[in-house]
Structure formats: structure tokens, C-alpha cells
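Okay, structure first, notes after.
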Amino acid sequence: MKDISRVTIAAALVVLSAVSLAQDIDWKQGKLGHLIGLVGTYNNDALLDDPQVKEALNQVVGMDVALLKRNLATRGPIDFIDGYLVLTGLAPHMGGSEEATLWVKVYDGSLCAAILHAGKVTIYARDSQYDHLPGPFRNYVRNLLDPSYDIAPPPGVRWQK
């Protein structure tokens, strides 16, 4: 019984130290920390044209980068959510039928995107599981098609990994 208690205590200490480390991380610092000044601005081009972001876009979104940019043409300011620089928008005069969102993680430069095009949503991400994507990103995708889905992508979502 004492051994189980020691194991339980040791496991609890590991969890608490991990939580402490996560709380100590400044999510506005990291590989793309130089872009944090873009939060609240409409300077999409500075974000999209950053060499590290361009490289990640080409690797993850590939030949659909032009479609992503078109569907981000009408947008709000760059947002900062859960450690990500976030662009959300729609193609000019195409709201509800041509939309997109791009999430760029400041800490490590990784990204995910979703494009609504021709009635279908495509998710672009290196993540291996849907529930590993940021919750607000999943909410965006879910609300495009079917708000009842959270754990798995809604029907009609294609995942480009």
C-alpha cells in the first residue's frame, strides 16, 4: 500500500511540475515572436509574407495557398488566441460560401488552416488527431457545417495532412 502511495505522489508531482512549466511559458515568445506586434492590426501581408510562415504554408497548405489568401481577403484584424496568430475572413462578396481561417503558432511556427470552398471544408494540419487542434479552431470548422460535432470533424470535412 505504501508503494502505491509513493507512486501516486510521484505521479502527482510530475503533473504539477508540468503544469507549473506550462504556466511559466510566455506564449507570445518563440520562433515567431517577432510577429506578435501584428496582433490587432490588418497587416495580413506582413504575416503571410514572413519567410517562416511562407515556408510552413507551402508545406502544410501546398498548392491551395492562393485559395486560402483569396478566402482571407475580407477580414478582421489579426487576433491572438491560445498562443496563435489568427486570421479569419472570406472572399469578397462570398460570405457564407467562401471562407477561411489560418492559425499560426507563435511558439514553434506550426500552423493549421481551414478553407470553406464549393460547399466543402478542408482542414490543413500536421496534427494527427482532430482533437489535438485548438478548440476555437475546431469551433470555427464545426460552425461552418454542423455545430453538433466536437470530438470528430463534421461530415463533409476533408483533412489534408
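The values are calculated or read from the model by the stated rules, or taken from the named source; none is laboratory data. Quick caveat, the model's predicted, so the values are computed rather than measured. Cβ placement follows ideal geometry from the backbone for every residue including glycine, while neighbour counts extend to all protein chains displayed.
Odds and ends about this structure:
- Taking the numbered list (1) at pLDDT 95 or above; (2) assigned to a loop (DSSP other than H, G, I, E, B) in turn, Ser128 passes all entries but (1).
- Residues that are at pLDDT 95 or above, charged (D, E, K, R) and within 13 Å of the chain's Cα centre (by Cα), drawn from the range 69-106: Asp79, Lys105
- Inter-residue pairs, beta-carbon under 6 Å, first within 13 Å of Cys112 (Cβ to Cβ) and in the range 72-90, second aromatic (Phe, Trp, Tyr), 6+ apart: Gly83/Trp27; Gly83/Tyr107; Tyr84/Trp103; Val86/Trp103
- Residue in the range 119-127 that is surrounded by fewer than 18 Cβ atoms within 10 Å (Cβ to Cβ), in contact with a Ser or Thr (Cβ under 6 Å, 6 or more places away or on another chain) and over 17 Å from Val39 (Cα atoms) present: no
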